[in-house]
Amino acid sequence: MDFVDWRKIPKGQRTRVQRQLEDEKERKNSAIVFHGIADYYIQKAQNAGEFDNLPGAGKPFRNGFLENSGVDDITTNIIKKFGGEPLEVSLQKEIQRKQEQIDKHLAYLQHRLRYTQRQRRPRFRSRIRAYQREVHAFEHEYRKRLADINSRILSLNIAAPESMNMRPLPVEQLLQEYRERFYVFDEK
């Protein structure tokens, strides 16, 4: 109902017809915005029956059709570009990223420890105390981060096939190693 001759419509029905036209236009515009213009025109052509008589309609692709066409490579690249990778892969990357963050902070603490150990004179006691405060404060954060990684590893083990499974981190053992490594200035 694209064109309406308003002269032929009685005055009482004009508002109803106008409302119908506005609703139809709104549906078209919302369909275009939501699905995209290409999807809109494909749907319009399907409704008009333009795809009904295509050769090979309803038949599967012949063997090797998609392998040689490059469609797989294109779709894979598009999916990667927009972050649509499988859950298992994204979980693995997230676990690895979080472990790298922890390792980076531990390397920073190790650097601070070496620097503080070189400065053993009594006037540098404030630096030693600042280091101790930082190490003690990070222990709680370290435990939380390890627990977070373990929960993600558990999610990965549930979602992924067995070949991708990972062992949970031994939190208590890692905390004990952390204390032995960084609590060097604490009195025992």
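We did not get these values from a lab; they are worked out from the coordinates using the rules stated. None of these values were measured; they are calculated from a predicted model. Cβ sites come from the backbone with ideal geometry, for glycine too, and all protein chains shown count toward neighbours.
For the range 152-176, a residue qualifies if it is outside any loop (DSSP other than H, G, I, E, B) and surrounded by 12 or more Cβ atoms within 10 Å (Cβ to Cβ), and the qualifying residues are Arg152, Ile153, Leu154, Ser155, Leu156, Asn157, Ala159, Met164, Val171, Leu174, Leu175.
Taking each residue of the range 86-103 that is part of a helix (DSSP H, G or I) and looking for partners that are surrounded by 11 or more Cβ atoms within 10 Å (Cβ to Cβ) and basic (Lys, Arg) with beta-carbon atoms closer than 7 Å, six or more apart or interchain, yields Leu91/Arg152; Glu94/Arg152; Ile95/Arg152; Lys98/Arg145; Ile102/Arg145.
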